[in-house]
1. As a test of reading the structure, rank TRP159, TRP37 by solvent-accessible area (1.4 Å probe, protein chains only), most first.
2. Which ³J(HN,Hα) values, rounded to whole Hz and listed in residue order, are derived for the stretch 123-139 from phi using the Karplus coefficients 6.51, -1.76 and 1.60 in 6.51 cos²θ - 1.76 cosθ + 1.60 with θ = phi - 60°, glycine and proline given as x?
3. Put one equal scatterer on each alpha carbon of the stretch 303-358, apply the Debye formula with no solvent term, and list log10 I(q)/I(0) at q = 0.13, 0.15, 0.22, 0.23 1/Å to two decimals.
4. Taking a 1.4 Å probe, which of PHE339, PHE171 shows the most accessible area, and what order do the others take after it?
5. Would you mind getting the accessible area per residue of the stretch 123-179, heavy atoms of the protein chains only, 1.4 Å probe, in Å²?
Amino acid sequence: METKRIFVTAILLSSIPLVLGHSVQKSEKYPLVVSTWPFLDAVRAAWRAVDGGSSAVEAVVEGCSACEELMCDGTVGPGGSPDENGETTIDAMVMDGSTMEVGAVAAMRYVKDGIRAANLVMRHTKHTMLVGEKASEFAISMGLPGPTNLSSPESVEKWSKWKTNGCLPNFRKNVVPQNGCGPYHPKDFLLTAELEEGTCPGGDMLGSLSSISSHVDVKNHDTISMAVIDQMGKIAVGTSTNGATFKIPGRVGDGPIAGSSAYADTEVGACGATGDGDIMMRFLPCYQVVESMRLGMEPELAAMDAISRIARKYPDFVGAIFAVNKEGVHAGACHGWTFQYSIRTSAMKDVEVFKVFP
């Protein structure tokens, strides 16, 4: 199979006044805030914090928290991306690029403040990640509000329509639903059962086999991934997402995985990612980007290389990366969709948004 070449071109959106640029932009060194997508208010919140003297970690927490409160694109914070049971859960991560400490929560229920919970894991435990209901119990015990129903009227309506549509599309494969929306069983298991009973698989079963397929919608995979360089030149990253819409309960994507959704090293730079986390986490693209920059690769080439590695194995995947080195040079790369990332530096009057084409 011929490998597609990944092209990267960043264009400053015309709604923000500045000269058109390329994929690589040289900014004032410190401070700096960069985020996936045009999450302008989130970047502004992080900028206010870091410009006021807060640390990189504190600013990342403030920025991602603002996105959670705003329920950015319905894919961050509460009230979005219901799973197969109609429940919304939270994945989040924060990483200190100076100490290499990481705090994360995954599949967290009943607590809406994902990034603050992740920060509590980093600050008050020797662990890296807590998951599920136990992550919720920890967060609440440390003072975060909860338990809270994370669903919204919009997410419930979306889930209800999905159920009416036979629970399609979904993320199952090689299975047959016993009754419409499940329970699901491996198709080999059910075929064996039919043979043991002396019967042949019915037409309905064969029809179900052909109609069930996983489906990835780009609108279902928006993660806020943010990097901050503070006034001392220290770097931190953070992420937050409510995951893939109609995911199988218990699924954890790349959001809370250090090296996949984000990675930082104050000696080198940082990276943030968004897209099909189930595929991207198999490649640790942000770890790859930072290590490539450590070896002398410019952010643009590092981002392109990481995306290309994934595309060679999964030519239909959807994803994007931003990269920024410790000097403030930033770039983006994407595959399968048009990507935008937002940035603010001291040389800018407000947040600026750059567009990257596949």
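1. Working: TRP159 65, TRP37 20 Å².
Largest accessible area first, the list is TRP159, TRP37.
2. Those phi angles translate into 7, 10, 9, 9, 8, 9, 9, 10, 10, x, 5, 5, 5, 4, 4, 4, 4 Hz.
3. -0.37, -0.47, -0.83, -0.88
4. Numbers: PHE339 0, PHE171 45 Å².
Ranking PHE339, PHE171 by accessible area, largest first, yields PHE171, PHE339.
5. Details: 3770 Å² over 57 residues.
I get 66 Å² per residue for this part.
The values are calculated or read from the model by the stated rules, or taken from the named source; none is laboratory data. As the structure is a computational prediction, the values presented were derived from the model and not from experiment. We work out accessible area using only protein heavy atoms, side chains counted, and drop any ligands, DNA or RNA first. Shrake-Rupley method; radii C 1.70, N 1.55, O 1.52, S 1.80 Å.
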